[in-house]
Amino acid sequence: MLDRPVAELRDVWEATSFELEKLQTLPACAEAERTGLCKRHAPAWHLSFTPTKPIVPRALGAAAGASPGVAVIRQEGSNGDREMAAALFSGGLQPWDISMSDLVSGRVDLQSFRGLVFVGGFSYADVLGSAKGWAAVLKFRPQLWRALEAFRARADTFSLGVCNGCQLMALLGWVPALRSSGPQSDLDEAALKAPAQPRFIHNDSGRFESRFSSVTIMPSPAVLLKGMEGTTMGVWVAHGEGKAHFPQAAVLDRVLANKLAPVRYVDDDNQVTTSYPFNPNGSVHGIAALCSEDGRHLAMMPHPERCFQPWQWPWMPAGWSSYESGPWLRLFQNAKAFCDESASK
């Protein structure tokens, strides 16, 4: 019979695995995870709101009183579009499956939509780098680019980018989309050229990371996170290039000062961290998301659409078992509330 602590026996069992791990990832990351295992405990998650049940849209299509339409944009190599559509539908919205060929050919007009979502995946297999091929298709087609910019400028619209979509929105300059703080500001949105634009680069571990990570929701102008501030909870991450990179320190300072990094990775004690594996990519200040200054555009590396139902969670605190939905459904319900509020103005 073995009469030793479970943590000690686990270390013996996993020893060979961690030696192999050092050969396929950054050795320091493998060692950080190995040494940290004995200190792990159940995450101290906390909700600042009570999850509510899904909303069934009243009507679809162009019928009177129909729920707001949201374009779910996918590119060659995208995935997660069906999960995203399900989450939007459960939040009371009307998702539309839109391929990039629909936009390029002009078969679809964005003017009829209230929301635009860029989904996750591996557009063009990430051959040029995550989302770079997708961004090129959008930016170098003048008519399509004008349509996108017109959509973004409308006061009654929102956008969401997840994972590959998050990388895309950063490359497009939709986040953080800094407004000018003065007549000669070098942080003006128009002056924030590509070399200065924040973006997402390769994880410190040097490999793809698929984990259920803990994050906290910070105060921010993000309309999709309204009422969620102060919450810490789990969320799926699945990316190889998720490290938030700021080529100019002044841009990072402006992002932090204006609360434009609303989602941060935290450890088991709910402390914002850059430590692996709590922070799966090494992002400075634990940054997992960026939003625009007006709050209407949100880009996040984690996948809220993959855990809006309780059964999609690998673990939940016992006190959450009675909830009729996963806490992340609130993000999609907030999108519906924003559409309703902006339509009434």
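Please treat every number below as a calculation from the coordinates, not as lab data. Everything numeric in this text was worked out from a predicted model, so none of it was measured. Cβ sites come from the backbone with ideal geometry, for glycine too, and all protein chains shown count toward neighbours.
Each residue of region 137-148 was assigned a 3J(HN,Hα) from its phi angle through the Karplus expression (A = 6.51, B = -1.76, C = 1.60, θ = phi - 60°), giving 4, 7, 7, 9, 10, x, 5, 5, 5, 5, 5, 5 Hz with x at Gly and Pro. One decimal place: the segment residue 24-residue 101 gains 24.0 nm when fully extended, by the rule 0.36 nm per residue minus the C-alpha distance. Against the main long axis of the alpha-carbon atoms of the chain, helix 6-21 sits at an angle near 60°. Taking a straight line from the alpha carbon of residue 22, these aspartates and glutamates sit under 19 Å away, with near neighbours fewer than eight places off in the same chain left out: 11, 14, 31, 33, 204, 209. Take every Cα pair under 8 Å whose residues are at least 6 apart in sequence, average their separation, divide by the length of the chain, and the relative contact order is 20 percent. For every other residue with a beta carbon closer than 12 angstrom to the beta carbon of residue 132, add +1 if it is Lys or Arg and -1 if Asp or Glu, then tell me the sum. Every neighbour counted, the sum reads 0.
Gain in length, residue 125 to residue 323, computed as 0.36 nm per residue apart minus the alpha-carbon separation, to one decimal in nm? Mind showing how you got there, number by number?
Values: separation 198, 0.36 × 198 = 71.28 nm, distance 3.76 nm.
Contour length minus the Cα-Cα distance gives 67.5 nm.
Please check which bits of region 85-105 a label hung off residue 56 would reach, taking the label as a point 7 Å along Cα-to-C-beta and the cut-off as backbone N under 18 Å. Label zone hits: 86-95. So if I take the centroid of the Cα atoms in region 277-345 and the same for region 4-34, what is the distance between those two points in Å? Each part reduced to its Cα centre gives a spacing of 32 Å.
For every other residue with a beta carbon closer than 14 angstrom to the beta carbon of residue 230, add +1 if it is Lys or Arg and -1 if Asp or Glu, then tell me the sum.
Values: positive: 226, 259, 264, 330; negative: 229.
Net local charge, residue 230 excluded: +3.
Chymotrypsin sites (Phe, Trp or Tyr not before Pro) within region 196-280: which are DSSP loop residues with at most 11 other Cβ atoms inside 10 Å? Passing sites in region 196-280 do not exist.
Here the Gaussian network model covers the chain, with springs between Cα atoms less than 10 Å apart; of 175, 72, 12, 12 fluctuates the most.
Taking the chain as a Gaussian network of alpha-carbon nodes connected by springs under 10 Å, the highest mean-square fluctuation of the residues 166, 307, 29 belongs to 29. Taking the Cα atoms only, what angle lies between the long axis of helix 81-90 and the longest principal axis of the chain, rounded to 10 degrees? With both axes taken from Cα atoms, the answer is about 80 degrees. Dipole of the chain computed with +1 at Lys/Arg Cβ and -1 at Asp/Glu Cβ about the Cα centre; of 279, 143, 30, farthest Cα towards the positive end is 143.
Let me know the charge dipole size of region 70-149 about its Cα centre in debye, to the nearest 20, where only the beta-carbon of Lys, Arg (+1) and Asp, Glu (-1) is charged. Please report the intermediate quantities before stating the final value.
Numbers: 8 positive and 8 negative charges, 44 e Å.
Roughly 220 debye, rounded to the nearest 20.
Only lysines eight or more places from residue 336 in sequence, or on another chain, were considered; those with a Cα closer than 20 Å are 53, 226, 345. Entry note, the chain: the mean residue ellipticity at 222 nm calculated from DSSP H runs of n ≥ 4, each adding -39500 (n - 2.57), is -8000 deg cm²/dmol after division by the residues and rounding to the nearest 500.
Dividing the mean sequence gap of close Cα pairs (under 8 Å, 6+ apart) by how many residues region 78-227 holds gives a relative contact order of 19 percent. The value of relative contact order for region 235-327, using C-alpha pairs under 8 Å at least six residues apart, is 28 percent. For residue 193, the lysines whose Cα falls under 16 Å of its own Cα, not counting residues fewer than eight places away in the same chain, are 132, 139.
Taking a ≥ b ≥ c as the square roots of the eigenvalues of the Cα gyration tensor, an a/c ratio of 1.5 or more together with a/b no larger than b/c marks region 214-345 as oblate.
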